[in-house]
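Just below is one structure, and these are the notes that go with it.
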Amino acid sequence: MAQVLPAERDLRRVIGDADGAGDREVDGLGEQELLELYRSMVLLRTYDERSVVYHRQGRIGTYAIFWNHEAMQAGVVHALDDADWIFPSYRESAIGLLRGMPPTTVLSWWRGHPAGWWNPADYNVASICVPIATHVPHAAGLAWGKKLKGERACAVAFFGDGATSEGSFHEGANFAAVTGAPLILLCNNNQWAISTPLEAQTRAETLADKAIGYGMPGVRVDGTDVLACYEAAREAVARGRAGEGPTFIEALSYRSAPHATADDPRAYIDLDRVEEERKRECVGRFEGYLRRAGILHDDLAESIRVEAADAMRAGIAAAEAEPPADVSLVFEHAYVDPPSTFGSDLDELRRTLG
Amino acid sequence: MAELSIVEAINDAFHVELERDPSVMVLGEDVGRAGGVFRATAGLRDKFGPDRCFDTPLAEAGILGSAIGLCMAGWRPVCEMQYDAFSYPCLDQLITHVGRYRWRTGGKMSFPLVVRMPYGGGVRAPELHDDSPETYYVHTPGVKVAIPSTPSDAKGILTAAIRDPDPVVVLEPKLHYRTLKGEVPDGEHVVPLGKARLAREGDDVTLVAYGSMVPLCEQAADVLEDVSVEVLDIRTLKPLDEDALLASAAKTGRVVIVQEAPRVCGFAAELAAILAEKAILDLRGPVLRVTGYDVPYPYWQIEDAYMPSVERVTAAVRKLLDF
Ligand SMILES: Cc1ncc(C[n+]2csc(CCOP(=O)(O)OP(=O)(O)O)c2C)c(N)n1
Ligand SMILES: [Mg+2]
C-alpha cells in the first residue's frame, strides 16, 4: 500500500532566478542533456510562434496557443523513455515533435487535413484530445494495461486546471490509483480555462491537494521551470516503474497568450498581469540558467533557433504541398469492414460533385 | 423590429426574460465574464449579477445535474453547453434524470430548465466542434427539442423554452449565428413550441428541414426554377407539428427530408416513418432523405463533402419528380 503523502504546497524550483535561491543542478543532467532540453523548448516555442503567424496568414485554421507552456511539455517528455506514452490535449498539440514527429503532421492537423492524423503507435503519442479531460481514463487504461502485461512503460496525461472539474478527470485519476497504474497526471495549471479563472474552478488551496483524495502523491512545481518539471516527472516515472502507482503533478504557470487564435482575452484578463508573466517566460528563464552555467552562448543559441525555424519553414511548405484530400476519405477509417451503404453514398457524392 | 443576427436575437431574448422573471438564471462555461464564447450571453452578468449569469466550473454533467436541483429550489435555469459535442458529458444527467424526474414525482414537480447549445458544421473548426446531436436529445423521453433557423425564431423559441414548464433542449445553428440576419420583434416575443413554419409555399415537392438546413433548402428551391418547391421548417422536433407535415405532404405528394446529422436513426427517419404511417395514400413517390453520412464528422478540409449540399438536395428532388 503506497503511503498517502500530503501534497507539497511549496512550488519546486531548480532555476534560481525567481526567488533568489540560486540555481541548482539536477543529478544526471549533463551539458549534453541540458542542451537537448533547450533544443526541445526552442523547437516548441518556434512551432507555436510560427503557428500564430501562419494562422494570421490564413495558412492554418483556429489554433490553440501554448506559449509559455513549453517548459512543462519538454521537461516531462525528457523524463520519459520512448516506450512511455503521452496523452496530449489540444494544448500539447505539437508534443509529438519531441518524439520525432515532423512539424508538417501537426500543422496539417490544424489545417484540417487528414495528413495531420497520425498513428499513435508510431510515436507512443495518443491523438490530440479535444473534449476536456476525456483522455485521462485512456491514459490510466494504457498504463494499467502495460502493467498487467509486465511491461515497464508509463503514461502521462496532460490536462488543464479546468479539466480537474470534469467527471472524466476524477474517474481516470481514481482508476489509476486503484489499479496502481504507472501514470503521471500532469495538470497544466495556467490558472485560466478560457475566461474562467482558477478561483471560479475550485476552492482547493492547490490543485495538487486533489491527489490526497485519490491516495496518490501530489507535487507542485513551477511549470515554467523546465528543470523542476523534469525532476518531478522523473521521480513520478521512478515511482510508477517501481509499482508505486500514479503521481499527480501540478505544473503552475500563467496563460500569457489568448486561449486560442479565436479568443480575445481583453474582456476578462488583466493585461498588466500578462505583461508581468511574459517577462518570466519559460524559454528565456532556461536560457538564463544555461548562460549562467556557461553552457550556452550566443552562437549556439542562434544556431538552435535557426535549426528550429528551418524545420518550421520546411514543415509548412510540406503541409501546403500535401495534395488536397480526396472526398472518399469521408468514408475511410471508421470501420475495418465498412457498412455496405458507404459505396452507394460515395457514388452519390461523386455524382453530385459533378 | 430590429435587424439582428441569430446570436444577437438569442442575447435579446435573454435580456428580456431575465428582466421579466427573476427566477430565470443562466449557467455555463464562460457565459459570465466573457459573455459566452459566441457572445450569446453578453452583458447579462453586468446587468443581472454573477449569480444570475454564472460561470460554472468546467463540468457539463455538473451544470445539468445542478440545474435539476436549482429547479427544485424554484429557479428556471438556462444551461449553456459550449459546443454540440461538448454537451455529451451531460447526457448522463439528461437521460437518467432530466427526462424522468417529473415522471418520478408523479407529475408533482416540474423541471422548467433549458439546455441550449450551438450545433453543426461548416465552420472549419478542429475535431468535435461540428456535431449535430439532436437525435440523442430527441430520443430521450421527457425532453422537448427545438431548433430554430431564423433570428426571429431563435428569440421566440428560446423565450418559449424558458417559459415552458418542461425541460427543453434548444440547438442553435452556429454556421449562421452571425451571418444570417433578419427582423426580430422587440420586447417579449414567443414562438410557441410544436408549431412548424412554412418557409416557402409550393406545389410540386416539399423539402422538410430544421436549423441550418432550412437556408440550404431555400437555396435549392431557388435553383430548381422549374419546380414549385415548398420548404417546411419543422422548428420543434418534439413536440412535432404533425399536422403541418401531413398537410404539406398531402399538398405536394412528394417529400425530401434534409438533415445534417448522420443518417441512421436520425430525425429524418422519424419524419419518414410518420409519413409512411399516416400519409401513404397522399404520396406520389418514396420519401427521400438527404443527410450527413454515417461517419465521424470529417477533417474540415473535406467537411463540405459531408454536409448536405444544394446539389444533393436538387438531385433528390429530380429523382423524386422522375419517379
Ligand atoms: C467537454 C468539454 N467542454 C468544453 C470544452 C470547451 N473548452 C475548450 S478549452 C476549455 C477550457 C479548458 O481549460 P483548462 O482545462 O484549464 O485547459 P487550458 O485550455 O487552460 O489548457 C473549454 C471550456 C471542451 N473542449 N470540452
Ligand atoms: Mg487552464
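The values are calculated or read from the model by the stated rules, or taken from the named source; none is laboratory data. Bear in mind the structure is a predicted one, so any value in this text is a computation, not a measurement. A quick note on method: Cβ atoms are made from the backbone with ideal geometry, for glycine too, and the neighbour counts reach across all protein chains shown. Remember, those area values only see protein heavy atoms, side chains included, never the ligands or the DNA or RNA. Shrake-Rupley method; radii C 1.70, N 1.55, O 1.52, S 1.80 Å.
So which of B:Gly36, B:Gly99 is touching a Gly at 6+ places or on another chain (Cβ under 8 Å), open to solvent by less than 20 Å² (accessible area, probe 1.4 Å), more than 14 Å from chain A (Cβ to nearest Cβ) and of a type outside the set (Phe, Trp, Tyr)? Can you show your working first?
Numbers: B:Gly36 fails: more than 14 Å from chain A (Cβ to nearest Cβ).
Criteria check complete, one pass: B:Gly99.
Output the residue which, of all residues in the stretch B:284-306 that are of a type in the set (A, V, I, L, M) and open to solvent by 20 Å² or more (accessible area, probe 1.4 Å), is farthest from B:Ser212 (Cα to Cα).
In the first step, residues of the stretch B:284-306 are kept if they are of a type in the set (A, V, I, L, M); the result is B:287-288, B:290, B:295, B:302, B:305.
Checking which are open to solvent by 20 Å² or more (accessible area, probe 1.4 Å) leaves us with B:287-288.
On the way: B:Val287: 21, B:Leu288: 19 Å.
Only one residue tops the list, namely B:Val287.
For the stretch B:134-149, state whether one or more residues are more than 16 Å from ligand 2 (Cβ to nearest atom), within 14 Å of chain A (Cβ to nearest Cβ), in contact (Cβ under 8 Å) with a residue 40 or more places away in the chain and out of contact with any Phe, Trp or Tyr (no Cβ under 7 Å at 6 or more places or on another chain).
Residues of the stretch B:134-149 more than 16 Å from ligand 2 (Cβ to nearest atom): B:134-149.
When the remaining residues are screened for being within 14 Å of chain A (Cβ to nearest Cβ), the result is none.
No: the stretch B:134-149 contains no residue that is more than 16 Å from ligand 2 (Cβ to nearest atom), within 14 Å of chain A (Cβ to nearest Cβ), in contact (Cβ under 8 Å) with a residue 40 or more places away in the chain and out of contact with any Phe, Trp or Tyr (no Cβ under 7 Å at 6 or more places or on another chain).
Among the listed residues A:Ala208, A:Ala204, identify the single one that is within 13 Å of chain B (Cβ to nearest Cβ), among the aliphatic types (A, V, I, L, M) and away from ligand 2 (no atom under 14 Å from the Cβ). Before the answer, list the steps.
On the way: A:Ala208 fails: within 13 Å of chain B (Cβ to nearest Cβ).
After applying the criteria, what remains is A:Ala204.
Which one of B:Gly211, B:Gly194, B:Gly187, B:Gly182 is in contact (Cβ under 8 Å) with a residue 60 or more places away in the chain, touching a Pro at 6+ places or on another chain (Cβ under 6 Å) and surrounded by fewer than 22 Cβ atoms within 10 Å (Cβ to Cβ)? So that I can check it myself, show each step before the final result.
On the way: B:Gly211 fails: surrounded by fewer than 22 Cβ atoms within 10 Å (Cβ to Cβ); B:Gly194 fails: in contact (Cβ under 8 Å) with a residue 60 or more places away in the chain; B:Gly187 fails: touching a Pro at 6+ places or on another chain (Cβ under 6 Å).
The conditions single out B:Gly182.
In the stretch A:218-274, what residues are surrounded by fewer than 19 Cβ atoms within 10 Å (Cβ to Cβ) and in contact with a Cys (Cβ under 9 Å, 6 or more places away or on another chain)?
A:Arg241
So which residues in the stretch A:295-331 are at the interface with chain B (Cβ under 9 Å from one of its Cβ atoms) and either within 20 Å of A:Leu35 (Cα to Cα) or open to solvent by 90 Å² or more (accessible area, probe 1.4 Å) (or both), if there are any at all?
Matches in the stretch A:295-331: A:Pro324 only.
Taking the stretch A:289-327, which residues are more than 30 Å from B:Ile302 (Cα to Cα) and within 24 Å of the chain's Cα centre (by Cα)? Spell out how you get there, then give the answer.
Just the residues of the stretch A:289-327 that are more than 30 Å from B:Ile302 (Cα to Cα), to begin with: A:289-308.
Hits for the stretch A:289-327 are A:Tyr289, A:Leu290, A:Ala301, A:Ile304, A:Arg305, A:Val306, A:Glu307, A:Ala308.
Among A:Gly243, A:Gly213, which is at positive phi and either small (Gly, Ala, Ser) or in a loop (DSSP other than H, G, I, E, B) (or both)? Talk me through it step by step, then tell me what you get.
On the way: A:Gly213 fails: at positive phi.
Result of the check over A:Gly243, A:Gly213: A:Gly243.
Restricting the stretch A:54-109 to residues that are basic (Lys, Arg) and away from ligand 1 (no atom under 16 Å from the Cβ), which is least open to solvent (accessible area, probe 1.4 Å)? Spell out how you get there, then give the answer.
If we filter the stretch A:54-109 for residues that are basic (Lys, Arg), which is where we start, we get A:56, A:59, A:91, A:99.
Cutting the leftovers down to away from ligand 1 (no atom under 16 Å from the Cβ) gives us A:56, A:59, A:99.
Working: A:Arg56: 182, A:Arg59: 69, A:Arg99: 36 Å².
Per the stated criteria, the residue is A:Arg99.
Identify the residue in the stretch A:110-138 that is open to solvent by less than 20 Å² (accessible area, probe 1.4 Å) and part of a loop (DSSP other than H, G, I, E, B) and, among all such residues, is nearest to ligand 2 (Cβ to nearest atom).
This residue is A:Ala133.
Does the stretch A:139-154 include one or more residues that are under 21 Å from the mean Cα position of the chain (by Cα), within 16 Å of ligand 1 (Cβ to nearest atom) and not in a helix (DSSP H, G or I)?
Checked against the condition, which is being under 21 Å from the mean Cα position of the chain (by Cα), within 16 Å of ligand 1 (Cβ to nearest atom) and not in a helix (DSSP H, G or I), the stretch A:139-154 yields no hits at all.
Check the stretch A:179-187 and report whether any residue there is within 12 Å of ligand 1 (Cβ to nearest atom) and either under 21 Å from A:Ser93 (Cβ atoms) or within 12 Å of another protein chain (Cβ to nearest Cβ) (or both).
Within the stretch A:179-187, the subset within 12 Å of ligand 1 (Cβ to nearest atom) is A:186-187.
Right, trim to either under 21 Å from A:Ser93 (Cβ atoms) or within 12 Å of another protein chain (Cβ to nearest Cβ) (or both) and you get A:186-187.
The answer is yes; a qualifying residue exists.
If I ask for residues that are open to solvent by 10 Å² or more (accessible area, probe 1.4 Å) and either within 16 Å of ligand 2 (Cβ to nearest atom) or farther than 20 Å from A:Ala126 by Cβ (or both), which ones from the stretch A:175-196 would you list?
Selection gives A:Ala177, A:Val178, A:Gly180, A:Gln191, A:Trp192, A:Ala193, A:Ile194.
Of all residues in the stretch B:10-33, how many are away from chain A (no Cβ under 11 Å), crowded, with 24+ Cβ neighbours inside 10 Å and not in a helix (DSSP H, G or I)?
The total comes to 2.
Looking at (1) closer than 30 Å to B:Tyr299 by Cβ; (2) within 16 Å of ligand 2 (Cβ to nearest atom); (3) not in a strand (DSSP E or B), which is the only condition A:Gly172 fails?
Single failed check for A:Gly172: (2).
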